[in-house]
Amino acid sequence: MEKGWLTATLFALDSRPIVMGIVNVTPNSFSDGGRFFDAPSAIAHGIALREAGAAIVDVGGESTRPGAQPVAVEEELGRVMPVLEALVREGVPVSVDTMKPEVMRRAIDAGCTMVNDVNAFRAPGALEAVAASGVDVVAMHMLGTPQTMQRDPAYGDVVAEVKQFLLERAAALEHAGVARKRIALDPGFGFGKTLAHNKALFRALPELAATGYPLVVGVSRKRMIGDLTGREPEDRFAGSVAAAVLAAQNGASMVRVHDVKETVDALKTWMELSR
Ligand code: 7PJ
């Protein structure tokens, strides 16, 4: 994979997969819902994740769990901006998890180094919001919207369709002026996918990595881990760590996780023992 990705702004990538730590500033996220909703605890959590080994911390103020309702832009800004500003002041590399161009712009102005969009910059103005700024971007595949995506999702060939969508979004980003080396892609586990779709995509990670774009994988505590283990969200930690290691082995450059310390240790162990 291209060495230049993120190195200018963040850290030397090596060949080691990196960890993105999740900070939800939402009252309704499914796995840690409400726990970090107030800004001081979200900030403290972000700093702790960085200290635990996260290369970057992903801050989101709009839940995208199946069925979650959209949040107004002012509400989302009110949730994420104090957290982003404080983490930037603390020297923590920060990503913003948003679908809204206005939130992207404000987050970039505040010093955010990456924009992570589960809607792959399809909102009007989203491409423009990131194009001029030089930030890194993650474009994720989602079928439908968070309101509709788990209503009987169907594909002809899930791998081919997700791959084609991601390559189209990468082309749109490049066309808008985002440098290729700043673009990472994510198949979007659980976003309009059944367990069978998620499994097919997981097995196809090497094929997606072969596109040449760094791959981001987010499966931490998701329903697919629950389906595989029979566990509730707060109890999906071992399954999530196993999936993170397997994702890395299958070509993921970055894993987006709740349990940073444990995932970092697992990745280190796998790396050392596999070479
Ligand atoms: C993902 C995300 C993911 C990327 C969420 C959750 C739901 N961003 N934001 N990939 N998932 N790039 O954390 O379970 O899989 S929100």
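The values are calculated or read from the model by the stated rules, or taken from the named source; none is laboratory data. Bear in mind that the values here come from a model prediction, so they are computed numbers and not experimental data. Note: ideal-geometry Cβ built from the backbone for every residue, glycine included; neighbour counts use all protein chains shown. Heads up: the accessible areas ignore ligands, DNA and RNA and are worked out on the full protein's heavy atoms, side chains in. Shrake-Rupley method; radii C 1.70, N 1.55, O 1.52, S 1.80 Å.
Quick notes
- Among (1) open to solvent by less than 40 Å² (accessible area, probe 1.4 Å); (2) touching a Pro at 6+ places or on another chain (Cβ under 6 Å), the one test that PHE37 misses: (1)
- Of the helices (runs of 4 or more DSSP H) lying entirely inside the range 96-196, the ones with 1 or more residues being within 12 Å of the ligand (Cβ to nearest atom) are found at 158-176.
- Among the residues making up the range 219-259, those that are over 15 Å from the mean Cα position of the chain (by Cα) and in a loop (DSSP other than H, G, I, E, B) are GLY230, ARG231, GLU232, ARG236, ASN250, GLY251.
- The condition of being surrounded by fewer than 16 Cβ atoms within 10 Å (Cβ to Cβ), modelled with pLDDT of 95 or more and under 19 Å from VAL73 (Cβ atoms) holds for only one of ASP117, ASP97, ASP109, ASP157, that being ASP109.
- Some residue of the range 205-218 being over 26 Å from VAL178 (Cβ atoms), within 15 Å of the ligand (Cβ to nearest atom), modelled with pLDDT of 95 or more and assigned to a helix (DSSP H, G or I): no
- Within the range 229-275, tally of residues that are on the phi > 0 side of the Ramachandran plot and crowded, with 20+ Cβ neighbours inside 10 Å: 0
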